[in-house]
Amino acid sequence: MLDTIDKAILSVLQQDSTLSVSEVADRVNLSTTPCWRRIQKLEQDGVIARRVVLLDAKKLNVGVTVLVEIKTAQHTAAWLRRFCEVVATIPEVVEVYRMSGHIDYMLKVVVPHIEAYDGVYKRLISEVDIFDVSSSFSMETIKHTTMLPLDYVL
């Protein structure tokens, strides 16, 4: 169970995980050692899964985002295993979701242009048996965050 100080620490770290422990401690009104212990516990408990650097997609020439809806006619463990293996090897595929409803899987793909996406598409369909693929290109990013809401923590 997380208390308000843990939530404050998580909020600060979600905004900037490069802060030193003393800077985090200052922002949550705690001394350094107890703050460090709390961060260590949050990491040990798996609440903090990892710390990463967020990169600017446009500056890396992968500013085109494609949302790909996939339907399969095969709902077998073997098909799923193969699908997971294939998408894991395609670096342009940055997110994969198994869905409820009329779509089986949703992929988020980042590429420099439509032609590059076509290469991803061709690779995907050559390695996995897919019933239907529908791709939508994002025109504008309205909101993009990696910060999770902390209001629901028990």
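The values are calculated or read from the model by the stated rules, or taken from the named source; none is laboratory data. Everything numeric here is computed off the predicted structure, so don't read it as measured data. We place every Cβ from the backbone using ideal geometry, glycine too, and count neighbours over all the protein chains shown.
Selection of the range 1-40 for residues being part of a helix (DSSP H, G or I), without any contact (Cβ under 8 Å) to a residue 24 or more places away in the chain and closer than 25 Å to Thr145 by Cβ yields Thr4, Ala8, Val12, Val21, Glu23, Val24, Ala25, Asp26, Arg27.
Checking Val47, Val153, Val53 one by one, the residue that is at pLDDT below 95, within 19 Å of the chain's Cα centre (by Cα) and under 30 Å from Val21 (Cβ atoms) is Val53 and no other.
Once the range 122-154 is narrowed to residues that are in contact (Cβ under 8 Å) with a residue 40 or more places away in the chain and among the hydroxyl-bearing types (Ser, Thr, Tyr), the residue that is surrounded by the most Cβ atoms within 10 Å (Cβ to Cβ) is Ser135.
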